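Down below is the structure, laid out as structure tokens.
The values are calculated or read from the model by the stated rules, or taken from the named source; none is laboratory data. None of the values given here were measured: they were computed from a predicted structure. With ideal geometry, Cβ positions are generated from the backbone for all residues, glycine too; neighbour counts draw on all protein chains shown.
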């Protein structure tokens with residue numbers, strides 16, 4: 001059997017081709033909508049990390065860029081929020097961004113659905129996050145500029161998966177900043 005080459009985009013093209021007719025189960029919010037219970041869980045998280053001083057309107061959280069994925073097995077969509085774009089205010093006069101971002105990277109909170117409601121799990125900080133299908137599980141890859149690499153042309157990648165009710169780091173590597181998508 002002769003299998004044609006998929007070229008540079010090999011695995012991604014194959015996955016996209018196999019998922020042309022895939023769709024979320026019925027009654028799920030679209031990519032632009034967070035369920036009200038997920039918003040409430042994130043608001044509780046914000047109150048917890050700031051002792052009630054951080055105020056982020058629901059509309060700001062809704063407008064934040066996010067990655068939507070099915071990270072656990074409950075068939076409900078889960079969301080990773082990009083915190084660096086949240087327009088929040090801090091009631092004590094401190095910069096609100098300091099709750100999310102450091103000098104080089106920002107936190108990516110995961111809003112994950114479960115039997116007992118929504119929970120917020122903070123991923124390691126980074127500059128970019130994406131969801132990737134890997135065999136029978138969805139993995140989250142968080143990329144951050146590798147400060148320890150000479151010349152700053154490297155990217156540290158941390159890979160997470162949901163196993164046994166928890167998000168765990170399952171891999172970590174450094175790749176060239178000009179590496180192509182899908183190659184390591």
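Of the strands (runs of 3 or more DSSP E) contained entirely in the range 87-162, those carrying at least 1 residues that are touching a strand residue (DSSP E or B) at 6+ places or on another chain (Cβ under 8 Å), free of Cβ contacts under 8 Å to residues at least 24 places away in the same chain and buried (at least 17 other Cβ atoms within 10 Å of the Cβ) fall at 137-145. Flag: residue 72 does not match the condition of being part of a loop (DSSP other than H, G, I, E, B) and touching a helix residue (DSSP H, G or I) at 6+ places or on another chain (Cβ under 7 Å). Determine whether residue 82 is closer than 22 Å to residue 41 by Cβ and at pLDDT below 90. No. Residues in the range 45-62 that are in a helix (DSSP H, G or I) and touching a residue at least 24 places away in the same chain (Cβ under 8 Å): 7 in all.
Within the range 165-181, can one find any residue that is outside any strand (DSSP E or B), within 18 Å of residue 69 (Cβ to Cβ) and either in contact with a helix residue (DSSP H, G or I) (Cβ under 7 Å, 6 or more places away or on another chain) or modelled with pLDDT of 90 or more (or both)? Please lay out each step first, then the result.
Of the range 165-181, the ones outside any strand (DSSP E or B) are 165, 177-181.
When the remaining residues are screened for being within 18 Å of residue 69 (Cβ to Cβ), the result is 165, 181.
This time we only want the ones that are either in contact with a helix residue (DSSP H, G or I) (Cβ under 7 Å, 6 or more places away or on another chain) or modelled with pLDDT of 90 or more (or both), so: 165, 181.
Yes, because at least one residue in the range 165-181 is outside any strand (DSSP E or B), within 18 Å of residue 69 (Cβ to Cβ) and either in contact with a helix residue (DSSP H, G or I) (Cβ under 7 Å, 6 or more places away or on another chain) or modelled with pLDDT of 90 or more (or both).
When residue 103 is tested against (1) in contact with a helix residue (DSSP H, G or I) (Cβ under 6 Å, 6 or more places away or on another chain); (2) over 14 Å from residue 167 (Cα atoms), just one condition goes unmet, and that condition is (1).
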